[in-house]
Amino acid sequence: MKRKQLYLTGLLLFSAVAARAEPSRWEFSYTGFLHEFSGTDATPISEFDPTHVIRGVFIGEDLNHDNVLDLSEISKLVINNYDYIACPPGPDDIRCRIDRFSFALDGGLDFSIYRGGREPPLAYYWENTFETGNAEHFFSIFARAGVSWDTYYRWTPETAFTIQSVVPEPGQYAMLAAGLLAATGLRTRRQRKSLGSGS
């Protein structure tokens, strides 16, 4: 009986520790930017767009316990549905990189990323960059035709930032483990009683 109790206690403690070791997942968004657009034979635009949103997800673990996640401590960084860690190949000879990333666990997020592609048969080239506190920038050009477009979504004081962790807290894992262990213990007790009454 004592051995079983020790086993159950150990399992409970292991569940709690394992929960703390889990990499965490955060979802974030920035909403509202100054939209600037210029292009060949196009009317320039410069106006605040309250509906433009940059969304992202990252997964990481504070391995050195300094309360800051850096680039070496994240396993995923998805911005507007594109994973900059995996950098999957695409039809346009895509290149991507993360120039800077840090997230302070008290809420401060900072990154600078790049993605670009080209279609040599069409002489078409494009680049898309994001730099927090500065701008999202998209540039494209049909070199042979001499046609290009330049779009910025610039951060402003009105740009709203939200971020939240979407991983259950360690205490929730521990409570779940405790509930499962209690249910297992109750079931074992009932089985013993039924065996005892049948003899």
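The values are calculated or read from the model by the stated rules, or taken from the named source; none is laboratory data. This is a predicted model, so every value here is computed, not measured. Don't worry about glycine lacking a Cβ; one is built from the backbone with ideal geometry, like all the others, and counts go over all protein chains shown. All accessible areas refer to the heavy atoms of the entire protein, side chains included, with ligands and DNA or RNA removed. Shrake-Rupley method; radii C 1.70, N 1.55, O 1.52, S 1.80 Å.
Add +1 for every Lys or Arg and -1 for every Asp or Glu among the other residues with Cβ under 12 Å from the Cβ of W149, and state the total. Intermediate values should be presented prior to the final figure.
Working: positive: none; negative: E36, D41, E127, D150.
Residues near W149 contribute -4 overall.
In sequence order, the range 75-90 has phi-based couplings of 10, 8, 9, 10, 10, 6, 6, 10, 8, 7, 7, 6, 6, x, x, x Hz under the Karplus curve 6.51 cos²θ - 1.76 cosθ + 1.60, θ = phi - 60°, and Gly or Pro positions carry x.
At a temperature of 37 °C and a viscosity of 0.692 mPa s, determine how fast the range 47-121 diffuses translationally according to Stokes-Einstein, using the Kirkwood radius over alpha-carbon pairs as Rh; express D in µm²/s, rounded to the nearest whole number.
It comes out at roughly 234 µm²/s.
Note on L71: accessible area approximately 70 square angstrom, rounded to 10, probe 1.4 Å, nucleic acids and ligands left out.
Close amide H contacts of H52 (hydrogens built in the peptide plane, cut-off under 5 Å, sequence separation of 5 or more or a different chain): G32, F33.
Solvent exposure of E158, expressed as accessible area, is near 120 Å², computed with a probe of 1.4 Å over the protein chains only.
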